[in-house]
Every structure is written in C-alpha cells, then in structure tokens.
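Following: one structure in structure tokens, then a few remarks.
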Amino acid sequence: MSHFRLPIVLSLFVTASASGFAATGATSSKISPDAAAATSSNLPVIIQYKQTPSSLETFLISLLGGVVKTTLGAINALVVTVPSSGLNQLAADSNVTYISLDRAVGARQAVSVTAAEYTSEPINAPAVWQQGFIGTNIGVAVVDSGITPVPDLDGNSLSLVGPGQNPVLQLLALPQEAAPWMNGRIVYSQNFVPGKSDALDHYGHGTHVAGLIAGNGNLSSEPIDYRTFHGSAPNANLINLRVLDENGAGTDSAVIAAIQRAISLKNTFNIRVINLSLGRPIYESYKLDPLCQAVEQAWKAGIVVVVAAGNDGRDLNLNPEGYGTIDSPGNDPYVLTVGAMRTMETPKINDDLIASYSSKGPSFIDDVVKPDIVAPGNLVTSLQFDGDPLAVENPSFFTLYSYYQTHGSQNPSQDYFPLSGTSMATGVTSGAIADLLQAVPNLTPDAVKALVMVNGNRSYFPQTSSVTADGVVYNANYDVFTIGAGYLDILKAVNGALLNGGSVPAGTAMSPIATYNTSNGDVTAVTDETALWGKTGPWSASSVYGSNAFISSESGESALWGSTALWGKSDPDGYTALWGKTALWGKGTPEAETALWGKSGTSSASTSFEY
C-alpha cells in the first residue's frame with residue numbers, strides 16, 4: 001500500500017461513518033484466520049456485507065490498492081484482490097460481515113480399482129421407475145468440472161422396460177429448442193472457470209457425476225447387454241455449471257457464482273436440485289462461511305442442495321476414528337449431506353458397509369450432526385467420454401465389457417468406468433430426489449430432506465466394521481455421525497410422500513447441533529426452534545435417527561449416547577477422543593484446524609482409498 005494513501009484512507013473512515021464506516025479499528029473476528037495469516041500484495045478474498053456494498057465501499061477497495069473482480073449478489077459479497085495490509089481497514093466497515101480467502105475447492109471422488117458394485121438397486125430406484133417417476137421435467141444443476149455430451153445424456157433413449165411392462169416408462173425425446181447450449185438433456189451450460197472458454201468436462205468428474213444422476217443407459221441397452229447403467233433419474237434435465245478446471249480444482253467464488261446462476265435460472269429450467277460433489281476444509285462457522293451462505297440462499301429459493309460429506313474419514317489426526325471430518329459446504333445444517341456406502345458387489349443392502357473414507361461428523365467448529373444420509377458411492381460405474389482425462393490417466397479404473405455384456409470381452413469398456421467417493425453418492429442421491437420431485441412436485445426443500453431422512457433404512461447396519469489398508473486399521477461405528485439417518489430408500493420416501501400428499505409438519509429440516517454435557521458425559525442433539533424434528537410421531541428426532549441411538553430427553557433435547565447407545569462411553573477410541581480429555585474441540589481453532597487438515601490441507605481430489 002502506498003504511504004501516500006494511508007492518511008486518505010484513515011480520513012475516510014473518520015468522516016464517512018454515516019455511510020456505514022466505523023472510526024474504530026476492525027476486530028479480528030471479521031477476518032478469517034487463514035486470511036489474517038496471509039501476506040500478499042494481491043490477496044484474493046470474498047467480502048460479505050450486511051447490505052449491498054455501496055460505491056463508497058468499492059472506492060475504498062480501490063484506494064487500498066484492490067480490484068473488484070466479481071459481484072456475488074446472492075450473498076451480498078464482492079470478490080476482490082487486495083493487499084493483505086488492507087484487510088483491517090476493510091473489516092472496520094460496520095457493513096462488512098466477514099472477509100475470507102477465495103479458497104480452493106476440489107472434486108470429492110477417490111481413487112478406485114475395477115468395478116463390480118451397484119448404484120440404483122440398493123436405494124430401490126428401479127421400483128420408483130416402475131411407477132413412472134424417472135425425473136421427467138426436473139432440472140438438476142451440476143456444479144462440477146463440466147459435462148461432455150455422450151449418448152446416455154441424450155433426449156432420445158432406449159426403453160427402461162421389457163416386453164409387457166408399463167409403457168409409461170418409455171423415455172420420449174425432449175423437444176429441442178433452438179439454442180446453442182442445448183445438447184440432449186443437457187439443457188444449459190455455462191463456464192465459471194477463469195480463463196476458460198467452454199463448459200465441457202476437461203477433468204472427467206462432472207460427466208461421471210452427471211451419469212449417476214441422469215444417465216439413461218443408451219450405451220448399455222443393446223441386446224447383448226444383460227446390465228444397463230442407469231442414473232437414478234434417467235430422464236432428468238441437466239444444467240451444466242462448470243466450476244472446476246482440468247485438475248478438478250476451483251474456487252469459492254466460482255462455486256458461489258454458479259449457485260447464484262442456478263437460482264436465477266430456477267424457473268426457466270425448473271431447477272429443483274443442485275448437486276455439489278465438491279468441497280473444501282472448514283475454516284469458520286457455517287454462519288460466516290461464504291459457501292454455506294450461498295447454499296442457504298439456494299435452499300431458501302426452493303432448490304434442494306445435495307452436498308458431498310467429504311472423503312476424509314481416514315484422517316485420524318484428531319481422534320482414532322476419523323470424527324469431525326465433514327467438508328464445507330456439507331457442514332451447513334440446511335443442506336442434505338451425503339456419505340458413501342460400499343455395496344459389496346450385490347444389489348441388496350444387507351451386506352453393505354460404510355466406505356472408510358466417508359467423512360464423519362460432527363462438523364468442525366459448529367458440531368452439526370452430519371452426514372444426513374448415506375448412499376452407494378464406492379466403485380460405482382458411470383460415464384466416460386473419448387479422451388476422458390480421469391480414465392486415461394488412471395488405467396486401473398475400468399469396467400470390463402464382460403461386466404455388462406453377454407459373452408463380453410475382458411477388455412475395459414470405452415463408455416463406462418468406476419469411481420469411488422462421496423461425490424458419487426451425492427450424484428446418486430440428487431437423481432433420486434429428482435424422481436421424488438416428479439412424483440410430488442410441490443415439495444419444499446425441507447419437506448424433501450425430511451422425507452428422505454425419516455424414510456432412511458437403519459434396519460440392518462452392523463455395530464462396527466473395519467478396513468485395513470497399508471497396515472492401518474480404519475474403524476467405523478454405525479452412529480449418527482457416520483450414517484446420519486441411514487441408507488437412502490427412495491421408494492419408501494416416494495411412497496411416503498404420495499401417501500401424505502407431500503405433507504410434512506411446518507418448520508425447517510435443519511440438521512441438529514451436538515452438544516456435550518461435561519457433568520454426566522451425555523451428548524445431546526439440539527434442534528433449532530423452527531425445526532420439525534421436535535414433532536411427535538414419525539417426525540421426532542428418534543424416528544429420524546433411530547430409537548436405539550437415544551436415551552430419555554428433556555427440554556426438547558434428545559440425548560444421543562447413553563448406556564444403551566450403539567456407540568458411546570464404552571468406546572474410548574471414539575467417545576473419549578471426541579468429547580473427553582483429548583476432545584476434538586479441546587484446542588483453539590487454529591491449532592485444531594492444523595491438526596485436522598495438516599499443512600497441505602485436504603483439497604486434493606485424488607487420494608487412494610477403498611478397494
């Protein structure tokens with residue numbers, strides 16, 4: 001910052017208080033710890049304001065040597081590059097809510113080797129299709145690395161049904177409007193990656209996720225095919241919003257801009273779902289995090305936001321069982337956060353296990369009970385395209401032709417390949433929700449979340465499971481911080497919605513907050529006063545999470561782990577490490593953050609996990 005500018009800036013703060021500036025110095029609570037620690041003359045930050053920033057406030061940014069790059073109206077924010085030395089002056093503005101770095105986000109898929117697992121069958125999607133609910137006319141915004149058009153995303157599809165079955169399931173061609181961005185059921189495409197000119201997938205992740213949402217199985221529906229790879233909503237429309245580059249990396253500001261665009265296009269394309277198979281570490285409360293603020297705006301605009309929990313369940317830096325590893329924006333209590341299951345090469349769920357890499361709650365800083373639901377995400381097969389970078393660079397990822405073709409060869413398919421991760425589980429869930437919204441279009445996002453969670457399957461889970469990799473044993477307890485409300489069962493959710501006409505109690509479906517009572521060692525789930533989980537009957541917290549996870553409660557709080565809990569005080573590795581002497585939140589936030597994420601963070605998209 002120029003020495004000649006400083007007196008001008010200070011004078012501006014003293015004389016312009018009527019316009020929202022405070023003469024007093026800014027508090028450090030307005031600046032995120034990572035931004036406060038940064039030293040750069042060209043620091044990328046997101047400045048959130050209480051009210052739309054004025055021209056005087058943008059003028060101040062320029063006086064400090066900064067440049068406004070983008071306006072994020074959905075959250076009253078500006079994306080700015082500014083010298084780090086100017087952050088305190090900016091934070092002194094009483095209209096400023098929070099200043100954070102424009103952080104890196106990444107895709108949430110993990111490395112996998114060969115494929116032999118299932119996707120739609122464990123969640124009972126085929127039975128929903130038999131009722132005619134295949135996502136028709138529902139728009140799903142895919143905020144990812146872009147989508148490259150392939151036949152399985154076309155509007156013209158082969159049949160989902162066999163001879164003599166209900167013709168309502170014939171997938172008809174959608175009308176093609178004269179618009180350059182339409183391609184099959186990809187009805188809109190836009191790029192948000194700086195310096196890039198198209199919204200095609202130059203990484204491979206977004207197309208794979210799109211197939212899990214809305215693939216119609218064209219390329220695996222020939223007479224020689226005995227298995228067809230359908231997405232959960234094989235006739236849904238896709239809104240392609242590219243935010244990740246050829247390395248699967250992006251920024252907060254790009255993701256927020258894409259969410260903002262989805263909100264603006266909601267009525268044009270009937271966008272009812274946003275799929276976020278991406279994330280990054282948590283640095284502050286969801287109440288300040290700009291990513292979380294953006295997803296809340298989409299939720300309040302009537303769009304269900306489905307978010308990957310993260311692939312950090314094997315991060316044991318804070319406790320021996322991987323608790324507290326949920327990613328942002330999956331920590332936001334509004335959104336539906338999804339963990340990943342292993343389907344163990346069978347279509348039934350009675351042998352399924354949690355993927356050891358699936359991130360576990362409670363969320364860092366706010367202790368939000370997450371994930372909300374789990375779905376198939378390990379070794380799941382979906383789309384690839386000619387020259388697909390993920391497939392080319394990882395030749396050990398393959399789906400054999402023999403896996404879905406009669407007398408098929410042992411050569412890798414050129415149309416399909418597997419990936420693992422909560423990214424994949426999120427795509428499976430987004431498609432299923434499109435089916436639900438076709439069945440009952442008037443459902444609100446809170447009603448959708450409530451129906452999905454109340455109807456989660458918790459009937460078969462083991463108490464514990466473990467995976468050994470590279471000599472390390474990774475343990476999982478089947479508690480609410482690992483499986484949330486249980487396994488997604490879209491058939492039960494759809495039937496429940498149809499039976500009740502989509503009616504659920506008034507209130508939000510915000511995920512509860514976990515609190516620890518030091519006097520008796522109990523952990524309780526505290527729901528927001530406006531949340532519907534406090535209702536009786538099927539909408540009570542014990543109905544959502546299972547009665548065996550609760551003990552008696554008072555004042556609307558439901559106690560989570562007592563003497564009869566499926567995980568509790570008898571498990572010193574989990575319980576004591578999380579809430580006891582070496583508590584997850586026992587250290588100050590900066591120290592805890594470093595311990596949890598490590599010096600290199602967890603934004604890398606390619607980490608080897610399940611086999």
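Rounded, prolate or oblate: pick one for the range 277-350, where a ≥ b ≥ c are the square roots of the eigenvalues of its C-alpha gyration tensor, a/c under 1.5 means rounded, and failing that, prolate if a/b is larger than b/c, else oblate.
oblate
Can you work out the Karplus-derived ³J(HN,Hα) for every residue in the range 220-229? Use 6.51 cos²θ - 1.76 cosθ + 1.60 with θ = phi - 60°, whole Hz, and x for glycine or proline.
10, 10, 7, x, 7, 8, 9, 9, 10, 8
Is there a pair in Lys360/Lys535; Lys196/Lys370; Lys266/Lys492 whose C-alpha atoms are over 29 Å apart, and which pairs would that be?
Lys196/Lys370, as the Cα separations exceed 29 Å there.
Can you pull out the GluC sites (Glu not before Pro) in the range 321-407 that DSSP calls coil and that have at most 16 other Cβ atoms within 10 Å?
Within the range 321-407, the qualifying GluC sites (Glu not before Pro) (loop, at most 16 other Cβ atoms within 10 Å) are Glu345.
Taking the alpha carbon gyration tensor of the range 369-528, what are the square roots of 5 times its eigenvalues, largest first, to the nearest whole Å?
Value: 35, 25, 13 Å, ordered largest first.
Once label points are set 7 Å from the Cα along Cα→Cβ at both Leu498 and Gln463, what is their separation, rounded to one decimal in nm?
3.9 nm
Give the distance, in whole Å, between the Cα centre of the range 202-262 and the Cα centre of the range 406-428.
Going from one Cα centre to the other spans 13 Å.
Report the extension gain between Gln414 and Ser29 in nm, rounded to one decimal, defined as 0.36 nm multiplied by the number of residues separating them, less their alpha carbon distance.
Here the segment from Gln414 to Ser29 would lengthen by 133.4 nm.
None of the figures in this text is laboratory data; all of them are computed from the coordinates on show. If you're wondering where the values come from, they're calculated on a predicted model, not measured in any experiment. A quick note on method: Cβ atoms are made from the backbone with ideal geometry, for glycine too, and the neighbour counts reach across all protein chains shown.
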